[in-house]
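So the structure is just underneath, and the comments pick up after that.
Read-outs throughout are calculated quantities, based only on the coordinates presented, and are distinct from any laboratory measurement. Here the structure is a predicted model, which is why all the values come from computation and not from measurement. All Cβ positions, glycine included, derive from the backbone under ideal geometry; neighbour counts span all protein chains shown.
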Amino acid sequence: MKKLIPDIILIKFLRRMSMISGFFSLLFCALICITFLQLKRTDPLHTPVSTLLQEKLIQYPSSPNLIQEIRQIDLLARKAYFTSEWQIRTGSYLLLASLLILIICLKSIELITPRIPSIQVSEQGELWNMRKVQFRWVLIAGIALVSISLTLAFFTHRMLNGIPNEGNVPELFSRSRDSLQINPVAQSPAASIISDTSRNKLRSDSGKPGGDDEYPTQQEIRLNFPSFRGPDGNGIAFQKNTPVSWDGASGKNVLWKKEIPLPGYNSPILWNDRIFLSGSNENKREVYCLDAANGKILWSADLSKIKGSPSQNPKVTAETGFAASTLTTDGIRIYAIFANGDLSALDFNGGIIWTKNLGLPNNHYGHSSSLIMYHDLLIIQYDQSGSGKVMALAGRTGDKKWETSRNVKVSWSSPVLVNTGYRTELLLSAEPYVASYDPATGKELWKLDCISGEVGPSVAYANGKVFSVNEYSKLAAISLGSIPTLAWEDNEYLSDVPSPVAVKDLLFVVTSYGVVVCYDAITGKKHWFKELDKPVYSSPIIADGKIYILDKQGTMHIFQADKTLAMVAESSLGEGSVCTPAFGNGRIYLRGNRHLFCIKK
Amino acid sequence: MIFLLIIVFLPGVMAIQRFPKPEFESGYVVPVNQLPVQRGEILAWLDVAVLLIALSLVTYLVLKRRSRMGVFCISLFSIAYFGFYRQGCVCSIGAIQNVSMALFSGNYTVPLTVLAFFLTPLIFTLLFGRTFCAAVCPFGAFQDLIALKPLRMGAWLNAFLGIIPYLYLGLAILYAATATEFLICRYDPFVGIFRLNASFGMFLFVGLLMLTGVFIARPYCRFLCPYGVLLNWMSRFSWKHMNITPAECIQCRLCENACPYDAIEYPQVKKNPAGHRKQVNKMVVLILLLPIFIFGGVWTGGKIHRTLAGVNSRVRLAHILQPAHTTNNQPEIPEITAFRGSGITQQDLIREVTRIEHDFLIGSRIFGGFIGLVFGLTLIRLIITPYRTDYVPNKGTCFSCAKCMDYCPVVKD
Amino acid sequence: MEKQNRRQFLRLAIRGTLFGGLALITGDLLFRKGGSLFNNNIMSGPTVWQLDPSKCIQCGRCATNCVKTPSAVKCTHAFSMCGYCNLCSGYFKPGTKNLDTGAEKQVCPVNAIKRSYVEDPFFEYTIDESLCIGCGKCVKGCGAFGNGSLQLQVRHPLCDNCNECSIARNCPAGAFSRVPASDPYLLKGFGKDRV
């Protein structure tokens, strides 16, 4: 078969082509490497020159020359960034093209060049030697593998401290964990999946002790106001841009107000667009659900006759009433407890899911401790004369998950959940000590004797310090750690009803006779104090950098939550109140003696 | 001042309504976001169809038509389609990880197309030999293209490096099963070529591998590919396998240098000079030692499980948070900032990590035992006397590329 | 001959075992609870990678870890959430006095945000995707002082949908996850609504 171009000439041509393309491949490769290295050394978007100029600009903000210079450099920097990107991209295409040509040429040469198969001189005995050699080397590979693994294991040996339930609490973490952070749980990305279409639904978390039901994330909880004194029960609300000025009498900034059928001193709680509260008299006990947008009572659940309810009412004072405990919710169910020990769980439509009676409490004022949720557990503080205890029931079924008895006198304070960063602690305050429990198991973590009398205020927490106060006792600051210690104490301004609240390095104490004091949380030094001259029963709440204090006559005193005294506003409700405000949806919900108010901006 | 404090202590904030939605008087309409989606699912099934067709075609070309040129053309097509067009993802090699993750870690469902990519080559190989490696796998096809001056490797090196694919397979399955990461994807050298985009380190690694590939044919396939381990097993016991000769072998020895991958096995009629009895003894000793090897592997696996677990991001986070590691002077790394904002406690993290490390203990022990088993079986294989009269391809390592067929003078009638 | 038959039988047996192994794995994956067939789980369909803006801490790794250059993660503006502020904290550096479009005032290093006047006192901010590198600086500013309407999201026509996303592996907040391909965006709107 005659060929158009003789083989030899073709091969020569291909050889030349391959040399050229080989050269170009090397060239492009080198160019790409150089651009890579250049980029690595100086990121065009963050050159030291531009940083320097920016700093200068802060000093001389209106110098036009400086501005001009910065703009020019910025333009150049941007051009350089995009150009280098383009360079690398084009370079790689060119590299690929030249490599392709190179390969094609070489392969064609290989195809065209005639090859004659050659026969080696090979002895059949060689196979055994080969096998022997291979055997030896596989053996060597195995031994090498084991030794390398063991060496690696030895040198990278590190155990984790703080295996669960050990006492080793890292000090570093009790410091800067600030409760203003909102982000929810991080997960390992390889398998993390958002498992359904409405992604704001609750996520289930099996494998955690205490139950494997669904419960909301910390982020979801903090968007709402699901318990007494806020999401963690420590007086901190996470809403921003909160209203400061209103007038209940004239209706200014009052979105709606609704009369609540039965009285109760429990504070409203909020989840999404629903408000829940309870009311009770001698014979009836009811839970109400209101629409947060317009105040309509969507349903009221009658809980007067539940199984196990005692036939006689407990002895309560007028100041406490039968419904002093605030409700709580986990976004799936609402939980309510009354002074006779009746505990009920309702769903969001008012249907009763389960009820229980915890026994008539032996409490001479009336049971007041509010409820709080930890994951899917309902935590109940049940301190009575003679037998105090704290227990956790599964929210879904009401089954008791754990119960820990407390050697304390009867109290009216409420539990506070604190995430120290290292672990979550449940803090309870009653005579004679402040105690901390593991909310998942009920195990007592520590206790410190620092309080006496009839304890009404709950504790405050910020930055690794727990603050407890009671009238005729003292204000104590406890530093957390492996062994909590008393950091400082004071007894000039003591509260017997409103709970203190702390944020970062400030502690605010409001006394029931109407004095607001701002302490330095670390040293106990007083920054400022103000006499309101009005009695206060409601606990203060800190939201959006402001502290909201509602006095008994219904006037809200709002100060900056800062170490300098700065009053923001004083707004009146027009009705007396002893309840603690709830925040949500950019509104404040205040329960007066007769009505529930919704304040907007 | 408070703003600065907030920005220091707030690592990332969810949407909080600070400024209300504006009401426009000028008739301005708020634009709607364009949210385009990925390529349609039907195209993934198209890939599966192309895979099936290509596999069938190559099998036919190798086993029936015995055409090297046909195989070469299909390999060019594979480089173009599975390589540059689909950019080598999702590939059959990587599908091992998806299958492992679906089998052992909760919460992940393997898409049917990925499962098809995993199974189809295995089934074809079980039936017809490694025709997948011949021309369908873009990695193999690419290496075939650059194998310009293949040299013979020493048998010792072949054996020594032969353990690496098993290690890679075991580690890849371990890490995928614990949902730690996809090791194969992370260290895949070819995907950088197909995407024309890689980190600098990868770029150098690929360059070196390709340079090696010019002189040692198919280095990735022989010494790295984890899927190749599975294909090796399937191919060894395959129903039909390609043969060098279309009919009877005439021992003309012309194919001795034909295979660039040293996959041709020579005839062996002489007996082992060491003697039959000695061989049997050695065999018995090795079989008795096999449980010891497995146990040794399990023990070693248990020893290194914490090191292996150290790759997991949650484990690494727990270690970073240990007091010895966090000092006040260093700028806070994003992992710590993110953790502080996540709301979970360190104790919860440690509980989670303890569970993960326990999973790794079990997995590493299985991995170690597996390597021990492979080790023992390899040694046994090297003792066995083969008896062959013909030149045949090694069923396990032959890639069915049909290069050797052109060397055989025998013609089928 | 016997030896041959024995060997062939052995091979057949092992082949059957291998096939059985494959069948077992397939069967388990397809028919188990949460498997690929007979499953109501929306996640059994094809999935893609997406960033959850509520977890994102704007560390800047999205710009550098994507296998594509430029990154497939871009800033997306959820207009329904935007306050249209004059002093946009995602556009202007903190402490900016004269609110003009000078480069020295912009948070964005590549001038990818375009500011245009709508009506007093509202300004519209749009993102030029061809310029955005996904560094997250504007997202950080908007989230800290504004409504959080600027959010980083994976743009799917650009994303290669790798088997394992390199950014996902390196995200310190674990903000990346697999989402159904039919509903692949996690853009956040006011309250619980999404755009």
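Quick notes on this structure:
- Distant alpha-carbon pairs in segment B:136-208 (separation over 15 angstrom), percent: 69
- Calculated on the Cα set of chain A, radius of gyration then Dmax: 35.8, 119 Å.
- For segment B:35-104, the Kirkwood radius over C-alpha pairs fed into Stokes-Einstein at 10 °C and 1.306 mPa s yields D = 114 µm² per second.
- Using equal-weight Cα scatterers in the Debye expression, the normalised intensity of chain C in log10 at q = 0.11 Å⁻¹ is -0.60.
- Helix A:48-59 and the longest principal axis of the Cα set of chain A meet at an angle near 30°.
- Helical content of chain A, expressed as a calculated mean residue ellipticity at 222 nm, amounts to -8000 deg cm²/dmol (DSSP H runs of 4 or more residues, -39,500 (n - 2.57) each, divided by residue number, nearest 500).
- Alpha-carbon gyration tensor eigenvalues x 5, square-rooted, for the protein assembly as shown, Å: 68, 36, 26
- Span from the segment B:120-160 Cα centroid across to the segment A:33-52 one, whole angstrom: 43
- The Rg/Rh ratio for segment A:247-363 is 0.99, where Rg is the radius of gyration of the alpha carbons and Rh is the Kirkwood radius.
- Where Rh is the Kirkwood radius over Cα pairs, Rg/Rh for segment A:61-110: 1.52
- Dividing the summed helix terms, -39500 (n - 2.57) for each DSSP H run of n ≥ 4, by the number of residues in chain B produces a 222 nm estimate of -17500 deg cm²/dmol to the nearest 500.
- Think of chain B as having a plus end and a minus end, set by charges on the Cβ of Lys, Arg, Asp and Glu; of B:C404, B:S75, B:V48, B:C404 sits farthest toward the positive end of this dipole.
- Check: the protein assembly as shown dipole with +1 on Lys, Arg Cβ and -1 on Asp, Glu Cβ, in debye: 5380
- Segment A:7-112: translational diffusion in µm²/s, Stokes-Einstein, Kirkwood Rh over Cα pairs, 10 °C, 1.306 mPa s: 93
- Exposed GluC sites (Glu not before Pro) absent: longest stretch of chain A, with sites in DSSP loops and at most 16 other Cβ within 10 Å deemed exposed: A:320-491
- Unit charges on C-beta of K, R, D, E only; dipole of segment A:217-599, Debye: 580
- Between A:K546 and A:A561, the built amide H atoms are under 5 Å apart, and every one of these is 5 or more places off in sequence or on another chain.
- Here the Karplus curve 6.51 cos²θ - 1.76 cosθ + 1.60, taken at θ = phi - 60°, turns the phi angles of segment A:571-586 into couplings of 10, 10, 8, x, 8, x, 8, 10, 8, 8, x, 10, 10, x, 6, x Hz, with x standing for Gly and Pro.
- Cα-centre dipole for segment A:248-386 with unit charges at Cβ (Lys and Arg positive, Asp and Glu negative), debye to 20: 220
- Above-threshold pairs, the threshold being 30 Å between Cα atoms, out of A:K12/B:K412; A:K315/A:K400; A:K401/A:K447; A:K307/C:K33; A:K563/C:K188; A:K56/C:K68: A:K12/B:K412; A:K307/C:K33; A:K563/C:K188; A:K56/C:K68
- For segment B:21-93 versus segment A:378-418, the gap between their alpha-carbon centres in whole angstrom: 60
- Relative to the longest principal axis of the Cα atoms of chain A, helix A:7-41 runs at roughly 30 degrees.
- Comparing A:V455, A:H364, A:W354 along the charge dipole axis of segment A:353-464, the residue lying farthest to the positive side is A:W354, per the Cβ-charge model.
- Taken along its principal axes, the alpha carbon cloud of segment A:511-601 reaches lengths of 41, 28, 19 Å, longest axis first.
- Cα Rg, Dmax, chain B, angstrom units: 27.0, 101
- Shape annotation for segment B:276-383: C-alpha extents along the principal axes are 71, 24, 18 Å, from largest to smallest.
- Value of relative contact order over chain A, rounded to a whole percent, pairs C-alpha under 8 Å and six or more apart: 11
- With respect to chain B, whose longest principal axis is taken over its alpha-carbon atoms, helix B:227-236 is tilted by about 30°.
- Out-of-range pairs (alpha-carbon distance over 28 Å; input A:K40/C:K97; B:K271/C:K3; A:K252/C:K93): A:K40/C:K97; A:K252/C:K93
- Counting all C-alpha pairs of segment A:300-418, share separated by more than 18 Å (%): 48
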